[in-house]
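Read the structure below first, then the notes.
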Amino acid sequence: MEEYKMNKPIPLDIEIPLDAKRYIISETDEKGKITYCNDYFIEVSGYSQKELIGKPHNIVRHPDMPSIVFKLLWQTISSGKNINAVVKNLAKDGRYYWIFTEFEIRKDTDTGKIIGYHASRKNISKHVIEIISDLYARLLEIEKHDSIDASEKYLLDFLQEKGDDIDFSNIMEEIHRFY
């Protein structure tokens, strides 16, 4: 998926409170370009529908997110498997919001080919954010000073320490199983 860099906002240390009763919904094509976004996504992200449609979904990617998370996420969904993930997003004004995201693949009913993805996002507990943010910060630090491969190795070792029955084919699910 191409990285969206044009006019990225400067991150602020201000969290956007999310409504626990509302979901942020988006759909993308198979390459990750936004094809649909609900009103709550528009409201929270601060972008207009026109600014979002046709753009790579990483328009809202926060720089605190380690690349390994998205590498593993894309490996999973492009292989035809649904996945859940905790993600920190960046709004247009520089504020951030943490979300629990359920990614589902969309397939052509005739061919079975993946034609896109549907994502439903909701708020997440502060406890989970504290734990995941520490892990993500460590992974990001490893990526900055070494490589994404080193970050992946650290993550695999971290999960191995948590339990010996880890499903390494679906790392993102394993991360969230412990939290």
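The values are calculated or read from the model by the stated rules, or taken from the named source; none is laboratory data. Note that the structure is predicted; figures quoted are calculated from it, not measured. Every residue, glycine as well, gets a Cβ built from its backbone with ideal geometry; the counts of neighbours run over all protein chains shown. Accessible surface areas use protein heavy atoms only, side chains included; no ligands, DNA or RNA. Shrake-Rupley method; radii C 1.70, N 1.55, O 1.52, S 1.80 Å.
How about segment 1-77: which GluC sites (Glu not before Pro) there are in a DSSP loop, with at most 13 other Cβ atoms within 10 Å of their Cβ? Sites meeting the loop and neighbour criteria: GLU2, GLU3. Over the chain, DSSP H runs of length four or greater, each weighted -39,500 (n - 2.57), average out per residue to a 222 nm ellipticity of -11000 deg cm²/dmol. Using the Cβ-Cβ distance between ASP157 and ASP29 with R0 set to 35 Å, the FRET efficiency works out to roughly 0.50.
Relative contact order of the chain: 23 percent, from C-alpha pairs under 8 Å at least 6 residues apart in sequence.
Note on segment 1-142: the alpha carbon radius of gyration divided by the globular reference 2.2 N^0.38 Å gives 1.01.
Give the percent of DSSP beta bridges with both residues in the chain that are antiparallel, rounded to the nearest 5. Within the chain, antiparallel bridges account for around 95 percent of the total.
Rolled with a 1.4 Å probe across the full set of protein chains, the surface gives LYS88 an accessible area near 20 Å². Solvent-accessible surface of the chain, taken per residue with a 1.4 Å probe and all protein chains present: 53 Å².
Ranked by the mean number of other Cβ atoms within 10 Å of their residues, highest first, the peptides 119-129, 102-112 fall in the order 119-129, 102-112.
Projecting the Cα atoms of GLY112, SER147, LEU159 onto the charge dipole of segment 106-160, computed from C-beta unit charges around the Cα centre, puts GLY112 farthest toward the positive end.
Computed in the context of the full set of protein chains, the accessible area of the chain at 1.4 Å probe radius has 49% of its extent on carbon or sulfur.
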